[in-house]
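Written below as structure tokens is the structure these notes are about.
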Amino acid sequence: MNFKLRNRSAAPRRAATPSCGKNEVGDRVWGFDPVQPARHAFGLAADGGLFVGFNNDGTGVMKISADGQTCEILSRWASRNLAEPLPDIGGFTPQYGTITGLLHHRGRVIAQTHDVLLVIDDQTGDRTVWGSGDGIGGVGEANFIVDEARNVLVACGGEAPRKCSVHHLQDGVPAQGLFQVGQAQPLLPGLYPQTQGSRGALENGAVNAWGAVVMHPDDPNVLFFTVISGFIKYEIDTGNNFLFSL
């Protein structure tokens, strides 16, 4: 039996990889990339590009164009090259570590690093400390969600099994930890009711940690979490949650 091979079209040409820096001596010795993207921190820019956290010769945020052809450092601090340190970009120099989560929202990049939220101007790279997790058990580290209906930022994820913090968008002031149990004060006066803790499926060994968290597109009272065993649906106003899908 004779078989005919179908003609295969030529493989698509791979676009040139954009560069955000040069290989320094330390990079050549240790084999690091000149700019090493952080594995958790990236967000979609309003123009279709990407804001990406990095941590190698310095820590900060870079922007990759929508077509993937250009890359520029938006904000940087704490260069590790002692022989030829790269200049800080953006002014304020926090003594923190890797950026783990970020979000582009209305002309600014909101980024998390070691329980501190930074706000970075998306044009100048100027940055300032914007919020913290003081008094609420820390700042969520991976998934940032803007609740436009209530004008708050919800930050979730991290090493802890269940971790979400809520912050006012005007000033970053922490309102409450979404899953704190036993608190009598309102989560947000007039916005969220009293915090209910993690009753239900989240309390029965389900771990969200670095998994995805999204808000229902039509109902800001509902969050969905990925856990080891499937998807969990969480109702903010009651704290009730259940295994929605395996």
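Values quoted throughout were computed directly from the atomic coordinates according to the rules given, and no laboratory measurement underlies them. As the structure is a computational prediction, the values presented were derived from the model and not from experiment. Glycine gets a Cβ as well: all are built from the backbone with ideal geometry, and neighbour counts include every protein chain shown.
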> With each pseudo-label sitting 7 Å past Cα toward Cβ, what's the residue 246-residue 149 distance in nm, one decimal?
Replying inline: 3.1
> Gain in length, residue 128 to residue 235, computed as 0.36 nm per residue apart minus the alpha-carbon separation, to one decimal in nm?
Replying inline: 35.2 nm
>> Under a crude label model (7 Å from the Cα following the beta-carbon direction), how far is residue 160 from residue 106 in nanometres?
In response: 2.6
> Tell me, what HN-Hα J-couplings in whole Hz come from the Karplus equation 6.51 cos²θ - 1.76 cosθ + 1.60 at θ = phi - 60° for each residue of region 110-115, using x for Gly and Pro?
Replying inline: 9, 10, 10, 8, 6, 6
